[in-house]
């Protein structure tokens with residue numbers, strides 16, 4: 001009996017070789033477990049962020065917060081606006097931004113953190 005050879009390639013841990021079809025099959029149970037573990041780690045790392053998002057969602061649902069029709073920065077009204085938290089300890093203080101302005105705001109924050117860390121390493 002000849003031994004089935006699988007291709008000499010590396011695949012993610014959640015893919016297994018199926019000798020019947022001679023293809024790589026996804027092991028969905030393992031994939032789901034890995035995804036769940038990743039989400040749990042992300043939650044534990046950013047628990048204040050998740051609580052703030054949940055509080056904002058609940059405030060929107062109960063009517064304590066009202067989502068405006070347009071972006072507070074550029075004024076676009078054709079896009080759904082997103083809540084941006086400058087400080088997660090104040091969950092109901094949000095800036096309503098369109099997707100693009102929200103993306104650019106986070107880019108600005110990344111640049112500020114990067115320059116701040118570069119300045120602190122130069123001081124030492």
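Of note:
- Each label was represented as a point 7 Å from its Cα along the Cα-to-Cβ direction; for residue 62 and residue 30 these points are 4.5 nm apart.
- With a simple spin-label model that places each label point 7 Å from the Cα along the Cα-to-Cβ direction, the separation between residue 88 and residue 109 comes to 0.9 nm.
- Cα-based shape type of region 66-123, given that a ≥ b ≥ c are square roots of the gyration tensor eigenvalues and the cut on a/c is 1.5: oblate
- Paramagnetic label reach from residue 51 (point 7 Å along Cα→Cβ; backbone nitrogen cut-off under 18 Å): within region 89-117, residues 89-94.
- On the basis of the beta-carbon distance and an R0 of 35 Å, residue 99 and residue 44 show a calculated FRET efficiency of 0.80.
No value in this document is a laboratory result; all are computed from the given coordinates. Small disclaimer: the values here were computed from a predicted structure and weren't measured. A quick note on method: Cβ atoms are made from the backbone with ideal geometry, for glycine too, and the neighbour counts reach across all protein chains shown.
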